[in-house]
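In what follows, a single structure is set out as structure tokens and then discussed.
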Amino acid sequence: MTMKKTFTTALVLALAAGLGGCSVLQPPQPWEKGLLAKPEMTLGGDALEGRFDVHILNSKEAASGGSGVGGGGCGCN
Amino acid sequence: MNRLSALALALCASLFAALPAAAIDANTPAPEFQLNGSRGAVNLGALKGKVVYLDFWASWCGPCKQSFPWMNEMQAKYGAKGLQIVGINLDAKRADADKFLAEVPATFVVAFDAQGDTPKRYGIKGMPTSVLIGADGKVVQMHAGFRDDERKALEDAIVAALK
């Protein structure tokens, strides 16, 4: 085996191992989202501003929920 | 080189190895469980002969909170007819569950599964999820979520299972 071939083999193996390593990272199960459901974990900036936005959505578009992990009520989050 | 491709294949296979468990179908026997509860051990096998409404909940889940008064009502209404509601708490910390229960009391049986082993075997996809189990120990239906407009249908399913 030439030096170059050994290097290529090692590279391919390292890449494949790295790819397999990703499978260790599993998305959280539906019942493991306690921390994600905390108000401070919602995307966006100011909490008060966020509530204001949600209020506008509620009143103008008759839509509610879905703005966080904990409380949509559709069971899908 | 052949050994190398076999190794690469094995690594690729490991990517798909840990897929989540599928939800259980109606008419299949409900998986057994034995958990610690608020009033002693909770064992599904010991409830055979009763219609069991199994509810998976957590303290941080909004719709779960809304479902508690309804489940209390159902337990009071159909308990004598053979309904047993069992709420399985899935909080990682027991203190969170206790705080929730102090705020929203439950008159039905509550069990605690901080490890999340039971929901895994039932293939829970969302919070809350209820599993209606017939007197024969077989799953009647699974339902994810809890909305006000679903109360009627859920109650009808309980009544039908009690017949």
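Read-outs throughout are calculated quantities, based only on the coordinates presented, and are distinct from any laboratory measurement. Nothing here was measured: the structure is a model prediction, and the numbers come from that model. Quick reminder, even Gly has a Cβ in these numbers, built from the backbone with ideal geometry, and neighbours come from all protein chains shown.
Grab the strands (runs of 3 or more DSSP E) fully contained in the range B:92-163, keeping just those with 2 or more residues being crowded, with 18+ Cβ neighbours inside 10 Å and out of contact with any Gly (no Cβ under 7 Å at 6 or more places or on another chain).
B:129-133, B:139-144
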Exercise for the section: Output the residue which, of all residues in the range A:8-41 that are more than 8 Å from chain B (Cβ to nearest Cβ), in a loop (DSSP other than H, G, I, E, B) and farther than 15 Å from B:C61 by Cβ, is nearest to the chain's Cα centre (by Cα). Expected result: A:P27
Problem - Check on B:Q75, on the phi < 0 side of the Ramachandran plot, touching a residue at least 24 places away in the same chain (Cβ under 8 Å), more than 14 Å from the chain's Cα centre (by Cα) and within 14 Å of another protein chain (Cβ to nearest Cβ) - result: no
Handout entry: Any hit, the range B:70-84, residues being out of contact with any Phe, Trp or Tyr (no Cβ under 7 Å at 6 or more places or on another chain), surrounded by 22 or more Cβ atoms within 10 Å (Cβ to Cβ) and assigned to a helix (DSSP H, G or I)
Key = no
Practice task
Only residues that are touching a Lys or Arg at 6+ places or on another chain (Cβ under 9 Å), under 21 Å from B:K120 (Cα atoms) and not small (G, A, S): list them for the range B:33-78, please.
Solution key: B:F33, B:W57, B:W60, B:C61, B:P63
